[in-house]
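Worksheet: the structure to be examined is printed underneath.
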Ligand code: COA
Ligand code: AMP
Ligand code: ZN
């Protein structure tokens, strides 16, 4: 019997640091030429007085300005494209309908390259043909579902596209198909734990699970430990963001000590979020990423707003692609509930368009008995605060419906009388996160 190969893509995964740098330089220079074709970069660079001919090597990266989420919003949907539209085969779009949405387009080659990165990620944790992979995250416009899906099929896993939610069906599929690997949002892993408990299922005894990929939102080592113990799996941290394809940017190897960033696809910088200057190696700052292997829509020095650090030293697995630490937080006000990204401004825009809503509101995030909830407390105007329960329930329902269609999760809505919410020195406190 032939020995199992150790790497999915040995040539790239085992490049030396010098070889990685040389490959990055080649791809970076190619990417600069491509980016110049996009309306956004041409305008941005002309304004900054940059001639792409002056970019001669990777040391010139820092001459190029950052790209922000706001730029993506302002040039939504097509302003970043570098190829004719008939070369595109996929688009993913973030939630938000009121000027907040961002779009990422992919050519066929982009989808193939992304799938290859995902196959590497899963392979390095021990996933192999014969495994049954249940993909319990959002499909559709979310990148998590389809990103893993294509990688898993490329690797040769039997892929079960079960999507997010519907716990009864998830359990049935696990039992019927003998699922060995799951991809699941941390908050759902906790909630599904309760579901299994309530139904008398002991995963270690009754199921075949051995690996779980957890990502798309922050979670602690404590959550990893609980999930590992309860399900009898090894948990691997998975990091990505839609702007950088989706998952597959950084992933833990079998040593579970930080996530390798695939440096043949992304150039990594860690900067001080205030000044934009690089932080000393190993210190926490904001992750800035440049795509160097994407043809439809390259992004240059993209401010992820995620706070992390480069881990020092080399990894015993033999991969020289550097590792980042668990994400420590954000340098903006975005928060994530049930794997869905939310900006307070989205909530505000929805609320302020409803005439019965007053001037103040508050978002409270809770984790109670393993269930995450987003509670939106809303002051109503003087005109509405009457003792008519039916009227109040109608308003609550309306607010909930409008928020759900903007945010994609269902918040609990609480109505509060005018001036009923606390203010600190006149300033409203908008977000209270009580999740551990
Ligand atoms: N991921 C997947 N499913 C989840 C979840 C999560 N983080 N949190 C809860 N669920 C499940 C619930 O258990 C419930 O299923 P059940 O009734 O069979 O037990 C179902 O989803 C709906 O729960 P509810 O709390 O009413 O959800 P909601 O309406 O507030 O949100 C979700 C709907 C969960 C489907 C939506 O939050 C979602 O799609 N999340 C996944 C996002 C994702 O995949 N992100 C990856 C981005 S790359
Ligand atoms: P999206 O663009 O919807 O895929 O969301 C991307 C964002 O989710 C990132 O910018 C992070 O803030 C967050 N995220 C993704 N993976 C992780 C992870 N493993 N740990 C913490 N946060 C994560
Ligand atoms: Zn490693």
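Nothing in this text is a laboratory measurement; each read-out follows from the coordinates by a stated rule. Predicted model, so just to flag it, every value in this text is computed and none were measured. Cβ placement follows ideal geometry from the backbone for every residue including glycine, while neighbour counts extend to all protein chains displayed.
Note on residue 277 and residue 367: with the Förster distance fixed at 41 Å, the Cβ-Cβ geometry gives a FRET efficiency of about 0.70.
Summarising the label geometry, the points placed 7 Å from Cα in the beta-carbon direction at residue 254 and residue 21 lie 3.1 nm from one another.
Full extension of the segment from residue 11 to residue 404, taken as 0.36 nm per residue of separation minus the current Cα-Cα distance, would add 136.9 nm.
Structural descriptor for the chain: relative contact order 14 percent, calculated from alpha carbon pairs under 8 angstrom and at least 6 residues apart. Over region 308-372, all Cα pairs binned in 10 Å intervals from 0 give whole-percent P(r) values of 15, 29, 25, 18, 9, 4, 0, listed from short to long. Considering region 141-234 at the alpha-carbon level, its Rg and Dmax are found to be 12.8, 36 Å.
Just so you know, the averaged projected area of the alpha carbon convex hull for region 335-433 sits at 6.5 nm². Residue order for 179, 381, 125, fewest other beta carbons within 10 angstrom first, comes to 381, 125, 179. What the Cβ-Cβ distance of residue 86 and residue 30 gives, at R0 = 22 Å and to the nearest 0.05, is a FRET efficiency of 0.50.
Divide the volume of the convex hull around the Cα atoms of region 1-148 by the residue count and you get 150 Å³ per residue. Three principal axis extents describe the C-alpha atoms of region 211-343; from largest down they are 42, 38, 32 Å. Extent along the principal axes, Cα only, for region 83-212: 54, 37, 21 Å, with the longest axis given first.
If you take the square roots of the eigenvalues of the alpha-carbon gyration tensor of region 78-156 and sort them as a ≥ b ≥ c, do you get rounded (a/c under 1.5), prolate (a/b over b/c) or oblate?
On the way: a/c = 3.12, a/b = 1.68, b/c = 1.86.
Oblate.
What does the convex hull of the Cα atoms come to per residue for region 276-318, in Å³? The partial results should precede the final answer.
Working: hull volume 4.5 nm³, N = 43.
Cα convex hull per residue, to the nearest whole number: 104 Å³.
Rank-order 184-190, 282-288 by packing density, defined as the average count of other C-beta atoms within 10 Å over each peptide's residues, highest first. Present the calculation step by step, with values, prior to reporting the outcome.
Numbers: 184-190: 23.4, 282-288: 19.4.
Result, highest mean first: 184-190, 282-288.
Residue ranges 223-229, 144-150 sort as 144-150, 223-229 when ordered by packing (mean number of other C-beta atoms within 10 Å per residue, highest first).
Pairwise Cα distances in the chain exceed 40 Å for 22 percent of all pairs. Using the Cβ-Cβ distance between residue 228 and residue 354 with R0 set to 51 Å, the FRET efficiency works out to roughly 0.70. The gain in end-to-end length when the residue 314 to residue 109 segment is fully stretched comes to 70.7 nm, 0.36 nm per residue minus the alpha carbon separation.
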